[in-house]
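Working notes, beginning with the structure itself.
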């Protein structure tokens, strides 16, 4: 079985309160030098059968209509090498 | 693109400007040129376009809204009236209460969660800006048909957004409404109400006075949120065929807002501000122009000092940005340090962005160059005014003639038939339990909630020593208003007034959210004119002034407008919250009295909708003097301990009220149909000016004497008894069966 | 001498004033503690109240756990000071490793606010000695991430050592393992509780007054100590 990873991130212009809260906390804990933090979601999809263009197109459609809220989020789709 | 400065605008008068794309009409653009004596700069054009949009300028509605001032009843309670962020009402003991209901309809359709969340955020900041601590929220909501697939998308998102934001702010959600009707398909209504409490001396106003005083922007950084959202989103209908001007959605950060609230209240406690304004629709354009317009001098702002989340934003975009969780304060120079210190304590970013001048202009600079130079009143308060044409719709007569008579709509004639219709109404989405929704809202936080979910009104204790409290109810029946907008608006007020009184509080003031279709349609404009006239007339009779509110137009898809939906919120005061009257029947043997007169009035009723999917005829008649008398009796009976439960009769009539009061208290009732009364009319009529009350036997004489002396019809209709609702001679239905019908309905629809 | 009970305010704490009221109604003196201040101001016990500290961003309680006040609270808790974490406070205690397990998103995926029936399983802790073991009470519950999870051997250990303080009855509102609503540390001075006893201390505003016992318990504990 192959794994397809969909990463969903807020679009760059959209406020990310979670990332901001984490970023503000980092220096207090001594982790300096981090200019920005944005928090996203990662979906791992285990695909039955070959991951061909058609399968990827279906996954992109799923990401666009369901996994991501494209009003405020972008997503990327990539195939992950099978775990050894 | 190079910077469009005032100097540049003077030198290049013929440059083509995108006024139409920004939603301005040609004559409006010409007027801006006339005011300035030159073409506006890009930044000025942005400001005017957003501030002259329907949403900010009320250009179609203000000629009608004027009546709320012209017909304002005399009221000792009003401390601050229409025109400020929210009205303020005196509730005694040195306390003042501010409240307001506002819409966030269009954004909530596009992005339900964030739209609804930022709706809460906005109304809470309005209340905070008056100097008050926000203490409760409520949400009147309208959705499309309950079984429509899009309702399944929109409703859970909106409910989660309201909960996500309100719960995280620590504000109890003490009530509201949920109504389903296919007329709201594609145009859900998300109205949000907030109540705030302060001492009289803490009232703050949005004005910038005193040359040399500093303008401080504090709260979140400014990003590209909802740029143009105000003019584009709220002023034009969605049209799928054209490329959308869909702007970046505003995202709310309730944590930031919570810090903003605590920080601002601490700043108020130390009396550090002269004037304050929240940033909502139209962002800095609105805040700076309104503050300067309401004050005595001018204002100078260095726009490049505004802290940004996105450093690529242009001056125009910064002025129009609707980034949430920001406030703007006017502070005397010697108090600035302390102000900034308190902000630092709460991790709130605060920046001096300008100062009040002794001139008359609002001047905005970008890296030293003048990009805005305008008379602030022309932006904020002297926008265009339209006398939109209106006319009684051609279909109105036919609609009113289609009355739900016994011949037109079959009525149940047997006990079994009555029972079946009672269960059908009680289990319809509009009348069913809303616990799936209300269970997602925190009603306990702050520890002062006296009445909330499922009650006629939400009630909050505001003083733990004296038990002084306030209550709020919101109501609005679009079906009634469709049949007759004048009466419909009055019925909305009457119901909210009755709901407040039923809880034991004295109604004091009104806030309204007027949700209508396109003002460019004369039919809709007639509905709006009629509804405002009806509401203003009724407020005068009931002595409850309108203190503020909001208008939401363009709620329509193509040619089809929503039902006219005036949502009316009434605020009341109660001297001792321990005397409040809940709706639940809890004591066996208490006597049930029906107060008021019941006529055959089924037009627009829940029964006609649920059983026959019918809308026609006339809504119930309004008798405002009767409403006031009923209110007086309910308040006196509550104060003097003559009643233990009271429930207003409205959608679904007496039948539905009995179902709710029985289920809430876990007690049944035995009902005797009064002599000569048609049992169907008794159970399903929606005649206004009525309530059902539970009277302890020891109080019966006193209660009856009071009603007789005051001339209020009071009919003994039964007794709290047993484990079922028993309408004698007609039918018996067990509480278990009622509960089964009444609960789980929303869950099943959304599953 | 009155007993002083500190209530910590983190940025985003919401039920801090409610916890203070409950402490007062129980007969103790509430003392407001600020997250940036390490000093506990001579309090005898500490309540970490409900809310959404730091917006619950990253994980509930994950950022608060590193606040200056928590350094002292953790230190004192280990020395035996009674500490009660309610809701978000429970999450902070777990993130601080004063209590085992973690609190995750409700199985319904919705925030839930309801009047919840509980059974007090352990009436021997600093915060429950005014109850009797097996007593059933109703207090409000309100959370979005209240599902108590831990691995099997931790759960078995909690059960074996009687460290389950309260369990949900009738309905498990959030999918907590073994219906666990609250737990304690081995010494019984640190208690984490998902439901909100501070909202059930007055007949006017609460479903019951059965939450007051948590606050009177600690008073008795301290007076007898």
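Laboratory data are not the source of any read-out in this text; all were calculated from the coordinates shown. Please read all numbers here as calculations on a predicted model, not as lab measurements. All Cβ positions, glycine included, derive from the backbone under ideal geometry; neighbour counts span all protein chains shown.
Let me have the relative contact order for chain B, percent, based on Cα pairs under 8 Å that are six or more residues apart.
15 percent
Counting only DSSP beta bridges with both residues in chain B, what percent are antiparallel, rounded to the nearest 5?
Percent antiparallel among DSSP bridges in chain B is about 80.
Using the beta-carbon distance between residue B:704 and residue C:204 and R0 = 25 Å, what value does 1/(1 + (r/R0)^6) give for FRET efficiency, to the nearest 0.05?
So, using R0 = 25 Å, E works out to roughly 0.30.
Quick one: Cα centre-to-centre distance for the range B:669-689 and the range C:78-96, in angstrom?
Measuring centre to centre over Cα atoms gives 57 Å.
Between residue B:367 and residue A:48, with labels modelled 7 Å along Cα→Cβ, what's the label distance in nm to one decimal, could you check?
Output for this residue pair reads 6.0 nm.
Between residue B:308 and residue B:351, 0.36 nm times their residue separation minus their Cα-Cα distance comes to what?
14.4 nm is the gain from fully extending residue B:308 to residue B:351.
Running Debye on the range B:114-238 with equal point scatterers at the Cα sites and no solvent, what base-10 log of I(q)/I(0) appears at q = 0.16, 0.18 Å⁻¹?
Evaluating at q = 0.16, 0.18 Å⁻¹ gives log10 I(q)/I(0) of -0.95, -1.11.
Calculate the mean, over all residues of peptide B:342-351, of how many other protein chain Cβ atoms lie within 10 angstrom of the residue's Cβ.
Mean inter-chain Cβ contacts per residue within 10 Å come to 1.
How many partner chain Cβ atoms sit within 10 Å of a residue's Cβ in peptide B:447-456, on average, as a whole number?
Details: counts 16, 6, 4, 2, 0, 1, 1, 0, 0, 0.
The per-residue average across the peptide is 3.
In what order do C:87, B:263, B:707 fall by count of nearby beta-carbon atoms within 10 Å, going from fewest to most? Kindly include the intermediate steps, with their values, before the conclusion.
Working: C:87 29, B:263 23, B:707 20.
So the ranking, lowest neighbour count to highest, is B:707, B:263, C:87.
Report the FRET efficiency, 1/(1 + (r/R0)^6), for residue C:108 and residue B:575, where r is their Cβ-Cβ distance and R0 is 30 Å, rounded to 0.05.
Efficiency, from the Cβ-Cβ distance: 0.15.
Tell me the Kirkwood hydrodynamic radius of the range B:621-689 in angstroms, computed as one over the mean inverse distance between distinct C-alpha pairs. Let's see the in-between values first.
Values: mean 1/r = 0.0738 Å⁻¹.
Hydrodynamic radius (Kirkwood, Cα pairs) of the range B:621-689 is 13.6 Å.
Quick one: if the Förster radius is 35 Å, what FRET efficiency do residue C:133 and residue C:154 give, using the C-beta to C-beta distance and rounding to 0.05? Don't skip to the end; give the middle numbers.
Numbers: r = 22 Å, r/R0 = 0.63.
In this case the efficiency is close to 0.95.
To make sure I understand, if each residue's beta carbon is the centre and we count other beta carbons within 10 Å, what order do C:5, B:570 fall in, fewest to most? Mind showing how you got there, number by number?
Values: C:5 27, B:570 31.
Placing the least packed residue first, the sequence is C:5, B:570.
Which order do the peptides B:93-105, B:630-642 come out in when sorted by mean C-beta neighbours inside 10 angstrom, highest first?
Details: B:93-105: 24.9, B:630-642: 20.8.
Most protected by this proxy first, the peptides run B:93-105, B:630-642.
Using a 10 Å cut-off around each Cβ of peptide A:7-19, what is the average number of partner chain Cβ atoms that fall inside?
6
Could you tell me the distance between the Cα centroids of the range A:4-53 and the range C:175-213, to the nearest Å?
If you average the Cα positions of each part, the centres end up 35 Å apart.
Sorted by mean Cβ packing within 10 Å, highest first, what order do the peptides C:75-85, B:391-401, B:358-368 take?
Packing proxy ranking, top to bottom: C:75-85, B:358-368, B:391-401.
Post the alpha-carbon centroid distance, the range A:55-73 to the range B:269-332, in whole angstrom.
Rounded to whole Å, the Cα centres lie 38 Å apart.
Rounding to the nearest 10 and keeping the result within 0 to 90°, find how far the Cα-based axis of helix B:283-294 lies from the longest principal axis of chain B.
90 degrees
Please list the equivalent ellipsoid semi-axes of the protein assembly as shown, computed as the square roots of five times the alpha-carbon gyration tensor eigenvalues, in descending order and whole angstrom.
Output for the protein assembly as shown: semi-axes of 42, 41, 29 Å.
P(r) tail for chain B, what percent of Cα pairs lie past 46 Å? It would help to have the intermediate numbers written out before the result.
Numbers: 58230 of 281625 pairs.
In whole percent, the long-distance tail amounts to 21.
Cα extents of the range B:1-77 along the three principal axes, largest first, in whole Å?
Rounded to whole Å, the extents work out to 55, 23, 21 Å.
Compute the normalised compactness of chain A: alpha-carbon radius of gyration over 2.2 N^0.38 Å, N being the residue count.
Relative to the rule-of-thumb radius for its length, chain A sits at 1.36.
Under the rule of -39500 (n - 2.57) per DSSP H run of 4 or more residues, summed and divided by the residues of chain C, what mean residue ellipticity at 222 nm is obtained, to the nearest 500 deg cm²/dmol?
-6500 deg cm²/dmol
For residue A:28 paired with residue B:466, estimate the spin-label separation in nm (one decimal), with each label point 7 Å from Cα along the Cα-to-Cβ line.
Result for the modelled spin labels: 3.9 nm.
Whole percent per 5 Å bin, from 0 to the bin with the longest distance: what is P(r) over all C-alpha pairs of the range C:4-224?
The distribution over the range C:4-224 is 1, 8, 17, 22, 23, 17, 9, 2, 0, given as percents.
Give the percent of DSSP beta bridges with both residues in the protein assembly as shown that are antiparallel, rounded to the nearest 5.
Around 75 percent antiparallel, to the nearest 5.
For the range B:555-620, what does the alpha-carbon gyration tensor say about shape, rounded, prolate or oblate, given a ≥ b ≥ c as the root eigenvalues, a/c under 1.5 as rounded, and a/b over b/c as prolate?
On the way: a/c = 2.89, a/b = 1.60, b/c = 1.81.
Here the range B:555-620 falls in the oblate category.
Enumerate the whole-percent occupancy of each 5 Å bin, from 0 to the last occupied one, for all C-alpha pair distances of the range B:43-125.
Result, from short to long distances: 3, 11, 14, 18, 19, 17, 10, 6, 2, 0 percent.
What is the distance, in nm, between label points placed 7 Å from the Cα along the Cα-to-Cβ direction at residue B:732 and at residue C:36?
In this crude spin-label approximation the distance works out to 6.9 nm.
For the range B:512-642, just the Cα atoms, rotate onto the principal axes and tell me the three extents in Å, largest first.
That works out to 55, 39, 24 Å along the principal axes.
Could you give the angle, 0 to 90 degrees to the nearest 10, between helix B:522-542's Cα long axis and the longest principal axis of the Cα atoms of chain B?
The answer is roughly 70 degrees.
Which value in Å does the Kirkwood hydrodynamic radius of the range C:1-42 take, with 1/r averaged over all unlike C-alpha pairs and then inverted? Working shown, then result.
Numbers: mean 1/r = 0.0944 Å⁻¹.
Final number for the Kirkwood radius of the range C:1-42 is 10.6 Å.
Relative to the longest principal axis of chain B, what angle (0 to 90°, nearest 10) does the C-alpha long axis of helix B:624-639 take?
Helix B:624-639 sits roughly 80 degrees off the main axis of chain B.
For chain C, what proportion of DSSP beta bridges, expressed in % and rounded to the nearest 5, is antiparallel? Could you put the intermediate results ahead of the total?
Details: 21 of 37 bridges.
Of all bridge pairs located within chain C, approximately 55 percent are antiparallel.
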